[in-house]
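Note sheet for the following structure.
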């Protein structure tokens, strides 16, 4: 088994081209050519610098963030496309400070006190809550993970065994 990392859109392309057999990716997918098994569903938090301004229990409106830089995953990540679409629906274009494929780099940029990132809850567990505010958005943002494979391609016995193993544990 070879492990390949990348954003959801790139992973989908690799599945369709046959470069990879099975992938763990974020739903929703744009393609109906995939079979998938859901494996997790988690909130995505707005991760902000630790500051009284951002403390609170209520859900945050995305428009409250429109004047600060957004630190986003690269465009190949589904989460970035969802954030950009939500901003557009709310009537603004996010001020993108930086894009990276590395969540820890995005978190470090937030810790510097200059902007916001959007990070799934399981990854937020790796961040020190003394350094960050974690806020849910009023627009429910979820990290829905699924094991995916192409309906149009042969699935090797090893890949099928892996899919079966995952299915037996979900």
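Largest mean-square fluctuation among 25, 159, 58, in a Gaussian network model of the chain whose springs join Cα atoms under 10 Å apart, belongs to 58. How would 105, 70 line up from fewest to most surrounding beta-carbon atoms within 10 angstrom? Neighbour counts put them in this order, fewest first: 105, 70.
Give the order of 111, 167 when sorted by the count of other beta carbons within 10 angstrom, beginning with the fewest. Spell out each step's value before the answer.
Details: 111 17, 167 11.
Placing the least packed residue first, the sequence is 167, 111.
Just checking the listed ones, 50, 157, 90: in the Gaussian network model of the chain with Cα springs under 10 Å, the one fluctuating most is 157. If one takes the longest principal axis of the Cα atoms in the chain, at what angle in degrees, from 0 to 90 and to the nearest 10, does the Cα axis of helix 157-169 lie? Between the helix axis and the principal axis of the chain, the angle is about 50 degrees.
Take the alpha carbon gyration tensor of the stretch 43-140, find the square roots of its eigenvalues, order them as a ≥ b ≥ c, and report rounded if a/c is under 1.5; if not, report prolate when a/b exceeds b/c, else oblate. It is rounded, given that a/c, with a ≥ b ≥ c, falls under 1.5.
With a ≥ b ≥ c taken as the square roots of the eigenvalues of the C-alpha gyration tensor of the stretch 6-70, please select rounded if a/c is under 1.5 and otherwise prolate if a/b is larger than b/c or oblate if it is not? If you can, show how the numbers build up before the last one.
Working: a/c = 3.35, a/b = 2.60, b/c = 1.28.
It is prolate, given that a/c is not under 1.5 and a/b is the larger ratio.
Shape class for the stretch 32-89, computed from the alpha carbon gyration tensor (a ≥ b ≥ c): prolate, with a/c not under 1.5 and a/b above b/c. Against the main long axis of the alpha-carbon atoms of the chain, helix 78-89 sits at an angle near 50°. Angle of helix 8-17 to the longest C-alpha principal axis of the chain, folded into 0 to 90 degrees and rounded to 10: 20°. Fewest-first ordering of 154, 73 by other beta carbons within 10 Å of each residue's beta carbon gives 154, 73. Considering only C-alpha atoms, what is the centroid distance from the stretch 153-170 to the stretch 18-81, in Å? A separation of 26 Å, based on Cα centres. Taking 129, 43, 120 in turn, the Gaussian network model of the chain (Cα-Cα springs below 10 Å) assigns the largest fluctuation to 129.
Values quoted throughout were computed directly from the atomic coordinates according to the rules given, and no laboratory measurement underlies them. Since we're looking at a predicted model, the values are computed, not measured. Please note: Cβ atoms are built from the backbone with ideal geometry, for glycine as well, and neighbour counts cover all protein chains shown.
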